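Student: The structure's right below; bear with me while I get my questions together.
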Amino acid sequence: MTPFLLALVLLLLGLGLFFLARRQRKESGLPAGEIIYTDAGDWRRNDRPLFSNRYRLVGKPDYLVRQGRMIIPVEVKSARLRGRPPHDSHKMQLAAYCLLVEDALGVRPDYGILRYADATIRLDYTDALRRELLAAMTAMRRAAALPDIPRSHDDPARCHFCGYRESCDEALAV
């Protein structure tokens, strides 16, 4: 009778661990699949960024998840959306990771995932989003070549956390 009870206990323990792992993956916001790259936490951390010479772009997504031949970039944000849409800057960051996966790894993602503290957003990587990203990158490079770049917002909170606030004559926060 002892081998049967031992097998039953091991089976129940295995089932418990399986459902615990499944719940943790669901709570993490990660899609099903194999995590092939991470820059989040210390687990299998990858210090090598993705690089595209063609687009002069470099980045380290929080996760890359492989589903068959598809590779899905996942960016984790600590903020809460509270029912609002994601920030445009977050969408552009995720689009940049999609472009990096496309160019550096040779696989164009259908979508990427933005994981917030209270929501998981699937962002389709469309041709329109790709064009918007490339236009934003072109505008940023042009602006970087200018001798003086005017502030592009009226948000004191953004100014408060800006690394250039001390030397900016247009800062909204002290």
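The values are calculated or read from the model by the stated rules, or taken from the named source; none is laboratory data. Note that the structure is predicted; figures quoted are calculated from it, not measured. Methodologically, a virtual Cβ is constructed for each residue, glycine included, from the backbone with ideal geometry; neighbour enumeration extends over all protein chains shown.
Student: Suppose the filter is surrounded by 11 or more Cβ atoms within 10 Å (Cβ to Cβ), at pLDDT below 85 and not small (Gly, Ala, Ser); does Pro49 pass it?
Tutor: no
Student: Go through the stretch 96-120 and give me each residue that's surrounded by fewer than 19 Cβ atoms within 10 Å (Cβ to Cβ), closer than 25 Å to Arg80 by Cβ and at pLDDT 95 or above.
Tutor: Tyr111
Student: Among the residues of the stretch 65-83 satisfying the criterion of being crowded, with 21+ Cβ neighbours inside 10 Å and of a type outside the set (A, V, I, L, M), which is farthest from Arg115 (Cα to Cα)?
Tutor: Across the stretch 65-83, the extreme among qualifying residues is Pro73.
Student: Would you kindly identify the helices (runs of 4 or more DSSP H) lying entirely within the stretch 58-174 that contain at least 3 residues that are touching a residue at least 24 places away in the same chain (Cβ under 8 Å), touching a helix residue (DSSP H, G or I) at 6+ places or on another chain (Cβ under 7 Å) and closer than 27 Å to Ile36 by Cα?
Tutor: Fully inside the stretch 58-174 and qualifying: 88-105, 127-144.
Student: Looking at the stretch 67-116, which of its residues are basic (Lys, Arg) and touching a Cys at 6+ places or on another chain (Cβ under 9 Å)? Give the steps one after another, and end with the answer.
Tutor: First pass over the stretch 67-116, keeping only residues basic (Lys, Arg): 69, 77, 80, 82, 84, 91, 108, 115.
The answer is Arg108, and nothing else.
Student: Taking the stretch 1-39, which residues are at pLDDT below 70, assigned to a loop (DSSP other than H, G, I, E, B) and under 19 Å from Tyr111 (Cβ atoms)?
Tutor: Of everything in the stretch 1-39, just one residue is at pLDDT below 70, assigned to a loop (DSSP other than H, G, I, E, B) and under 19 Å from Tyr111 (Cβ atoms), namely Gly29.
Student: Restricting attention to the stretch 143-152, report how many residues are surrounded by 10 or more Cβ atoms within 10 Å (Cβ to Cβ) and under 18 Å from Ser89 (Cα atoms). Walk me through it before giving the result.
Tutor: Filtering the stretch 143-152 down to residues surrounded by 10 or more Cβ atoms within 10 Å (Cβ to Cβ) leaves 143, 149, 151.
When the remaining residues are screened for being under 18 Å from Ser89 (Cα atoms), the result is 143, 151.
Total satisfying the criteria: 2.
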